[in-house]
Structure formats: C-alpha cells, structure tokens
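**Q** Just dropping this structure here.
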Amino acid sequence: MDFRLTEEQQLLRRTVREFAEAEMRPHVREWDEAQHFPVELMPKLAALGLLGIQWSESYGGAGMSAVDYCLCIEELARVDPGVALSVAAHNGLCSSHIAMFGSEAQKQTYLVPLARGEKIGAWALTEASSGSDAAALRTTAARDGADWILNGSKAFTTHGRVGHICVVMAMTDRAAGSKGISAFIVEQGMPGMTAGKKEDKLGMRASETSEVLFDECRVPADRILGEEGQGFVNALQVLDAGRIGIAALSVGLAQGAYEAALRYARERTAFGKTINRFQAIQWKLADNVTRIEAARLLTYRAAFLKDRGARFTLESSMAKLYASEIAVKAADDCVQIHGGYGFVKDYPAEKYFRDVKLTTIGEGTSEIQRLVIARQLLS
C-alpha cells in the first residue's frame, strides 16, 4: 500500500490551499455575519476547475479523481466550511445526479454549464416532514399530456434561491412507495417554482439554504432524470458518493480547528509559559491530530474504491460517520484550548464550533450512517 500523494496531487493541494488563504480567509467573518453566499467567488472557483472537479473535459469538467475531489473539499473546508459545503453540494449532489443518470442530451444541456461554473446547482430531496425518512416525501408530479405538473415544497435546499438548475425528487406513483419517486430537472425561473424562506442558520452561513416551493409547476417530459420510479433509488446512490465529500469536508474543518488551537497554544502564556507546554493541552492536540489522520485515511479509502469502480456504500458511510464526529470533538477542543477567547468572534474557534454540527446531520445523520453500516454488515 502506498499512501503518498502523487506530485500532481501535492500541487493540487497547495494550489487550493493558497487560493483559500488568499481569496477566502480575508472574508470569512463578513460572509458569516451577513449570511452572504459569495457568488462573486464562483468564477474564481470555476477557473480552478472546482465546480466540475470529477467530470470529464468533454462535459466542461476538470477530469479529476475522487481522491482529488477530497483534497479540494478538504482544503476549502480548512478555511471556510460554508464555502466547501456549497462546492460539495454543487458537485456531489446536483451535478453528480445528472452525470450518473442523465441522458447524453441532458448532460450536454445541464451538466456542461454546471461543470464550467456558468450555473449553480441545487438538489431538492428533504421536506419538512421527511428528513431521514426521505421516502415519505409529499411533493407530487402528475402527468398532464406530455408534461409533468409538480406541487409541493422542499426544505433545507442548498442553493434553493441562487441555484439555476435544481434536481427535484417527487412522487409520481404513491401506491408504489419509494419505487414511485422520480427525479426531475427544474430550472430557475420556470413558472410555478419559487424560492421560499431563507434559513437563518447556526453555522455554514456562507452556504445559502432555503425552501423551494412548487405550485402547478409544469415540467416538460424530457426533464425527467433517469427512469420513472427510480428517483429515490438513484438518490441513494448519489448520497453514497456525496458522503465522501462530507467526510472530506469534516476532515478539512477538523484540520482547520486543530491548526487554530495549535497556533493559539503556542502564543498564549499561563503560569509563566506557553500553554502548549502543559500536558493537558499536549494530549488534546495529540489526540486530535491522530483522529484527523484516521478520518482522512477512511475518507481516502472510500474515494479510492470509487475511483476503481468498486462498491463503496459501507466505506463512505464509515468515513462520513467517523470524520464528522471527530470533527465535532476537534472543534470542541479548539474552543476549550482558547478558553474565554473561544467564545468570542475575534478568534476562529467559535465559528468552527458552529459550523461543525451540520456535518453530523447533512447527507444522512450519524444515526442513519450507523443504520447503513449495520445493514451492510448484516446483509
């Protein structure tokens, strides 16, 4: 086994890190306080290929691997997890669903502008009454001649307001249960589709989240994505891959929190010496860096399997579960090491602490990950 990154991957990591430090770090606090989605950053992300990381050049993408994708998300999350979340949702949900199950015509029409960063993607599955129980969704799509009519609402949709292209899951045959759910491509501005309430969030505030409402929204038949009735099954496959991205985001967030804690511990003095010389602080740092490296290896293993076309449902859930939970611990210890300064906005500790909790909730809660893992083990 060779765990070393290639020279190209080392260069990629440095490039994304330098970009994040130069283009994101100076604005992290203002974006967070204003709950501002940095649309002005999108062309710069696109120029680096970060809005079409894994898609081939024939579709306008950068043609990178799943491991490369992890490196990119990790480095963005190290500086601002909110921006990393938006990049992960754009790449790993909306674009991924179209890339995996779209027709060639759909890929040319929708995936190409997404991969080039000309348009922003959204993915609408969750509803107010169906979170973890995603198959219980109530949004419907009924046939009307050659078209489909969508009615209902979606909750907690990343880019629900700013997204130009939205993949929407809707019930087309309620009697068939989860096998009666289909996916549709809906474009911003279509009559009957409107953005609802923008959520005022605890963390990840630079990533825009809102409701999406459908009222007699007419969608042409050629916008159905994949086979009719396979929308939910396909969504689970999209989530399998998407969890690798959230695991990478968690690793990057944990790394950022650890580095902030280490930097502060080297500067802060107490009882006549810097606090990094106290064993209580040293053990926190040692435990965190060890857990982060374990989470990183779990994440890269899942990505490695994906790159080789192997099954990775178990591995992606394990990576997402472990990485998100150790990130919570890293953020908590970062605040603790900062002491009172960890509780104020002058230091980055409190933001990592607010941002991190979503990692144990989004794209499947920790409880759902344990359920997925158990089912894989027992099947």
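The values are calculated or read from the model by the stated rules, or taken from the named source; none is laboratory data. Just so you know, these numbers come straight off a predicted model, no measurement behind them. Cβ: placed from backbone, ideal geometry, glycine included. Neighbour counts: every protein chain shown. Areas reflect the complete protein model, heavy atoms only, side chains present, ligands, DNA and RNA absent. Shrake-Rupley method; radii C 1.70, N 1.55, O 1.52, S 1.80 Å.
**Q** Can you find a residue in region 339-352 that is in contact (Cβ under 8 Å) with a residue 12 or more places away in the chain and under 20 Å from the mean Cα position of the chain (by Cα)?
**A** Scanning region 339-352 turns up at least one residue that is in contact (Cβ under 8 Å) with a residue 12 or more places away in the chain and under 20 Å from the mean Cα position of the chain (by Cα).
**Q** Please verify whether region 37-47 includes one or more residues that are surrounded by fewer than 22 Cβ atoms within 10 Å (Cβ to Cβ) and over 18 Å from Ala122 (Cα atoms).
**A** Yes: one or more hits.
**Q** Also: Out of Tyr341, Tyr322, which single residue is touching a Leu at 6+ places or on another chain (Cβ under 7 Å) and in a helix (DSSP H, G or I)? First the steps, then the outcome.
**A** On the way: Tyr341 fails: touching a Leu at 6+ places or on another chain (Cβ under 7 Å).
Step by step, each of Tyr341, Tyr322 is checked, and only Tyr322 is touching a Leu at 6+ places or on another chain (Cβ under 7 Å) and in a helix (DSSP H, G or I).
**Q** For region 126-139, how many residues meet the condition of being among the β-branched types (Val, Ile, Thr) and either surrounded by fewer than 16 Cβ atoms within 10 Å (Cβ to Cβ) or out of contact with any Gly (no Cβ under 8 Å at 6 or more places or on another chain) (or both)?
**A** As a first pass, look at region 126-139 and keep what is among the β-branched types (Val, Ile, Thr): 126, 139.
Cutting the leftovers down to either surrounded by fewer than 16 Cβ atoms within 10 Å (Cβ to Cβ) or out of contact with any Gly (no Cβ under 8 Å at 6 or more places or on another chain) (or both) gives us 126.
Total satisfying the criteria: 1.
**Q** Do we have any residue at all in region 111-121 that's touching a helix residue (DSSP H, G or I) at 6+ places or on another chain (Cβ under 9 Å), outside any strand (DSSP E or B), open to solvent by less than 40 Å² (accessible area, probe 1.4 Å) and not hydrophobic (A, V, I, L, M, F, W, C)?
**A** The first filter runs over region 111-121 and keeps only residues touching a helix residue (DSSP H, G or I) at 6+ places or on another chain (Cβ under 9 Å), leaving 111-112, 114-121.
With the extra rule that they be outside any strand (DSSP E or B), the set shrinks to 111-112, 114-120.
Next cut, open to solvent by less than 40 Å² (accessible area, probe 1.4 Å) only: 111-112, 114-115, 117, 120.
Subset that is not hydrophobic (A, V, I, L, M, F, W, C): 117.
Taking every residue of region 111-121 in turn, at least one turns out to be touching a helix residue (DSSP H, G or I) at 6+ places or on another chain (Cβ under 9 Å), outside any strand (DSSP E or B), open to solvent by less than 40 Å² (accessible area, probe 1.4 Å) and not hydrophobic (A, V, I, L, M, F, W, C).
**Q** Going by the structure shown, is Ser58 open to solvent by 10 Å² or more (accessible area, probe 1.4 Å), modelled with pLDDT of 95 or more, more than 19 Å from the chain's Cα centre (by Cα) and of a type outside the set (Phe, Trp, Tyr)? Spell out how you get there, then give the answer.
**A** Details: open to solvent by 10 Å² or more (accessible area, probe 1.4 Å): yes; modelled with pLDDT of 95 or more: yes; more than 19 Å from the chain's Cα centre (by Cα): yes; of a type outside the set (Phe, Trp, Tyr): yes.
Judged against the criteria, Ser58 is a match.
**Q** To continue, here is another question. Identify the single condition in (1) farther than 28 Å from Arg4 by Cβ; (2) open to solvent by 20 Å² or more (accessible area, probe 1.4 Å); (3) touching a Gly at 6+ places or on another chain (Cβ under 6 Å) that Ala105 does not satisfy, given that it satisfies every other one.
**A** (3) is the only condition that Ala105 fails.
**Q** State which residue is surrounded by the fewest Cβ atoms within 10 Å (Cβ to Cβ) when the search covers only region 1-35 and only residues that are outside any helix (DSSP H, G or I) and out of contact with any strand residue (DSSP E or B) (no Cβ under 9 Å at 6 or more places or on another chain).
**A** Taking region 1-35 and keeping what is outside any helix (DSSP H, G or I), we get 1-6, 35.
Adding the requirement that they be out of contact with any strand residue (DSSP E or B) (no Cβ under 9 Å at 6 or more places or on another chain) leaves 1-6.
Details: Met1: 3, Asp2: 5, Phe3: 8, Arg4: 7, Leu5: 15, Thr6: 12.
Once the filter is applied, the top-ranked residue is Met1.
**Q** Something else about it: Restricted to region 344-355, and to residues that are assigned to a helix (DSSP H, G or I) and among the hydrophobic types (A, V, I, L, M, F, W, C), which residue is nearest to Ala260 (Cα to Cα)?
**A** Filtering region 344-355 down to residues assigned to a helix (DSSP H, G or I) leaves 349-355.
From what's left, among the hydrophobic types (A, V, I, L, M, F, W, C): 349, 353.
Working: Ala349: 7, Phe353: 12 Å.
Result: Ala349.
**Q** Additional query: Are any residues in region 174-188 more than 15 Å from Asn234 (Cα to Cα) and either open to solvent by 70 Å² or more (accessible area, probe 1.4 Å) or assigned to a strand (DSSP E or B) (or both), and if so, which ones?
**A** Initially, region 174-188 is screened for residues more than 15 Å from Asn234 (Cα to Cα), giving 174-176, 186-188.
Within region 174-188, Arg174, Ala175, Val186, Glu187, Gln188 meet the criteria.
**Q** While we're here: In region 122-140, which residues are in a helix (DSSP H, G or I) and either under 15 Å from Val238 (Cβ atoms) or of a type in the set (Val, Ile, Thr) (or both)?
**A** Within region 122-140, the first condition is being in a helix (DSSP H, G or I), and the residues that meet it are 134-136.
Once the filter is applied, which keeps residues that are in a helix (DSSP H, G or I) and either under 15 Å from Val238 (Cβ atoms) or of a type in the set (Val, Ile, Thr) (or both), region 122-140 yields Ala134, Ala135.
**Q** Next question, about the same structure. Residues of region 198-229 being open to solvent by 30 Å² or more (accessible area, probe 1.4 Å) and either under 30 Å from Tyr300 (Cβ atoms) or assigned to a loop (DSSP other than H, G, I, E, B) (or both), which ones? Outline the logic, then answer.
**A** Taking region 198-229 as the starting set, the residues that turn out to be open to solvent by 30 Å² or more (accessible area, probe 1.4 Å) are 198-202, 205, 211, 213, 215-216, 218, 220-224, 227-228.
Glu199, Asp200, Lys201, Leu202, Arg205, Glu227, Glu228 - these are the residues of region 198-229 that are open to solvent by 30 Å² or more (accessible area, probe 1.4 Å) and either under 30 Å from Tyr300 (Cβ atoms) or assigned to a loop (DSSP other than H, G, I, E, B) (or both).
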